[in-house]
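Data block below; observations after.
Coordinate-derived values only; no laboratory data. Computed from a prediction, not measured in an experiment: that's the story for all the values here. With ideal geometry, Cβ positions are generated from the backbone for all residues, glycine too; neighbour counts draw on all protein chains shown.
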Amino acid sequence: MLNNKQEFTIEYGGKTVILETGRLAKQTDGAVLVTCGGTQVLSTVCSATEANPGQDFFPLLVDYKEKFYSAGKFLGGFRKREGRPSDQEILLMRMIDRPFRPMFPKGYFNETIIMNQVLSYDKDCDPQILAGLGAASCLAISDIPFEAPVGFAKIGYKDGKYIFNPSHEELADSELDMIVAASEEAILMVEGEAHELSEEVMLGAISHAHTEIKKFCKGLADMKAKVGKPTRAFESTTSNDTLLKTVAEDFKGKARELLSITDKTKRSKTIKALTKEVEGVLKENPSKYGLTEDDNFGKEAYAGVDELLYEMMRGDILNEDKRIGGRGLTEVRAIETEVGFLNKVHGSALFTRGETQVMGAATIGSKDGAQLVEDLNGVEFQSFYLHYTFAPFCVGEARGYRGVGRREVGHGNLAERALKNMIADENPYTIRVACEVLESNGSSSMGSVCSGSMALMDAGVKMKAPVAGIAMGLIKDGSNYKILTDILGDEDHLGDMDFKVAGTKDGITAIQMDIKITGINEEILSKAMTQAKDGRLHILAEMEKTINSTRSDLKDFSPRIAEIKVKPDQIGMVIGPGGKNIKALQENFSVKVECNDDGTVKILGDSKKNVDDAIVTLDMNINGPKIGEDYDAVVVTIKEYGAFVDIMPGVSGLVHVSEMAEERVNDVNEYVSEGDKVKVRVLDKDKFGKTKLSIKAIAPLTKKA
């Protein structure tokens, strides 16, 4: 059938969402056109009918693309075709990917591609949320095995009230920008930023979102029942139980020894050595471990050791409250901090927590350094941005760095969101923070928050409050669970949750939660947030031993920006005819001058003296010299009635013959020559704005010899 269009309408948070299938992209496993207002997103999913030979992980790829024609716009720049995804598109791909992964059945390793395309854009309806809803919908009606319907929601907060799926304009004034993904039964993913909101407000936002998401999931379940395909049968890539059981029996003692090793490098080497030993044993007697001579013994050995460590580590935590290396469940690793260690960087900091070390470097400058961001809403310039780099050497890998990956974009964005709202509103600078991970063993993104906060304060950037971040983990088996503070890399790999919380002493500024199970309840979230607050306050106290507030002044080699206000109709005087005044300022004082139509004038220079001198000159260009003040001047023109002098370029005045010497001056040339430097005092300004000056009021001239 060419067109078997069917529509399902769901009232979602006060807006009507229409899910359409059967008309577009019918050769996919599932395709849904999501419409809300004028925004329309096409979501499709295709999954291979079988896994690739030897596949041992789930190859899920989520794509999201904003088509500029959807908003009736051309893409800026030389290339007019949409190309490499923007950072914002990458972030949304990650956001959709993360809650879906745990909802696929264990052992399903078939390559799966979810594509979302914005076909029509209305600024009052967020395409990001519609993309999440569309991706969940096309999965629900497909034959691909998937645990349960999933919904997405964005939550804002203003004047004590939550805003469900706010518009772009509403978010601009919101104290919260959070996205929540959940099934009808449990929370799957949380990500957002806030203006120092309490744990109670954040939990309330998640609960509010989940209440609405449940309604969507019920509607999606109804759609699945009516048009969904029967779930396909698939061959699960399951573990070799004989292998896992026998490896656990034979190598339990050695695994116990290595879990007591605190040092990550030493523990990793010991794990590799144990894996190599297991591989040798498998080769000698494959049948004992349920293998044949054709099996990949290295791969099977890795799987056996990994499963052994998984069960042992989780059992230690759940049954004995015992972590790797013997650390307590709520214990934060030792912290070392340092600032100002990079000699010619505007602001620098080094944050080390256990075996995670992040260097932060802050650069300040003018609006020329602002980051241009172009999306469906138009073009804007970011005056603050953070770049996160995770080079392979930080985990001891001999591998080249091939550029920024999706993970780095996501981690950098989380740290940026944690810090950006804590920069003082009156900040005149464009600021870039670069966070370089030098060592990694658990939550380098939260280490970036800490190093970035200290680097900003070291640079003299005014901060409302210092910011720190911490990562929480979870080990859960049925109703039994334990929450871990400051997780290690192995605890993240073998655990069930990665929950990152950043903030100040007074509240949360950024949050991100990912899970590897099919959801957690609000009780676990609440306990994790409370435990995270205690850890965050501990880290802030350690940071404050090194630096607890913004430096009172910028470093001597840092650029300076001064901001002054003039009347809007005086901007022309600042610029001067043909730009004469502003060019003179920039050339004479090695500064850069930026003028805004509202009368704001910013002056950027490499030294405080140059900026201050430029301000004095600018003020004089507008208001002229002050009566009663003394100035250095240069004689530029001699007349029979006096001499015209320049106090500075563009600012002149007349020294009358009566104001040169004590005696009568008959010939001005007998007292001064063009180019002479003299000291003058401002006597008065006439009604035409002309300045009357005096030399004799300071030091009378005498005739030249």
| field | Using a Förster distance of 60 Å, the FRET efficiency for PHE557-LYS276 (Cβ separation, nearest 0.05) | value | 0.70
| said: Tell me the net charge near GLY535. Cut-off is 10 Å between Cβ atoms, GLY535 excluded, with +1 for each Lys or Arg and -1 for each Asp or Glu. | reply: -1
| remark: Once Lys and Arg are counted +1 and Asp and Glu -1 for all other residues with Cβ under 12 Å from that of VAL17, the total becomes -3
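For LEU60, LEU2, LEU494, what's the fewest-to-most ordering of other Cβ within 10 Å of each Cβ? Intermediate values should be presented prior to the final figure.
Details: LEU60 17, LEU2 5, LEU494 22.
Taking fewest neighbouring Cβ atoms as first place, the list is LEU2, LEU60, LEU494.
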| task | Starting with the fewest neighbours, write out TYR289, TYR310 ranked by other beta-carbon atoms found within 10 Å of each beta-carbon. | result | TYR310, TYR289
| message | Give me the three principal axis extents of the stretch 157-314 from the C-alpha atoms, as integers in angstrom, largest value leading. | response | 68, 47, 23
| said: Starting from a Cα-only point model with no solvent, please compute log10 I(q)/I(0) by Debye for the stretch 560-623 at q = 0.16, 0.17 1/Å. | reply: -0.42, -0.47
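For n ≥ 4 DSSP H runs only, could you compute -39500 (n - 2.57) per run for the chain, divide by its residues and tell me the 222 nm figure to the nearest 500?
-10000 deg cm²/dmol, from helical runs alone.
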| message | Rounding to the nearest 10 and keeping the result within 0 to 90°, find how far the Cα-based axis of helix 127-141 lies from the longest principal axis of the chain. | response | 10
| request: Answer with a single label: of [x] 26.4, 87; [y] 33.4, 121; [z] 36.4, 113, which was calculated as Rg and Dmax of the Cα atoms in Å from the structure in view? | output: [y]
| Helix 264-284 versus the longest principal axis of the chain: what angle, 0 to 90°, nearest 10, using Cα atoms? | 30
| request: For the chain, just give the cysteines left without a disulfide-compatible partner, judged by no other Cys Cβ under 4.7 Å. | output: CYS46, CYS138, CYS217, CYS394, CYS435, CYS450, CYS595
| field | Separation in nanometres of the label points that stand 7 Å from Cα toward Cβ, at TYR69 and CYS595 | value | 4.4
| request: May I ask for the percentage of alpha-carbon pairs in the stretch 241-326 that lie more than 17 Å from each other? | output: 45
| query | Order of 250-261, 273-284 by packing, highest average Cβ count within 10 Å first? | reply | 273-284, 250-261
| Arranged by the count of other C-beta atoms within 10 angstrom, fewest first, what order do LEU372, LEU75, LEU92 take? | LEU372, LEU75, LEU92
| said: Please list, short to long, the whole-number percent of alpha-carbon pairs of the stretch 630-694 in consecutive 10 angstrom bins beginning at zero. | reply: 23, 59, 18, 0
| request: Whole Å is fine, so just give me how far the alpha carbon centre of the stretch 1-61 lies from that of the stretch 257-333. | output: 41
| said: If you take every residue apart from THR509 with its C-beta less than 12 Å away from the C-beta of THR509, what net charge results, scoring Lys and Arg +1 and Asp and Glu -1? | reply: 0
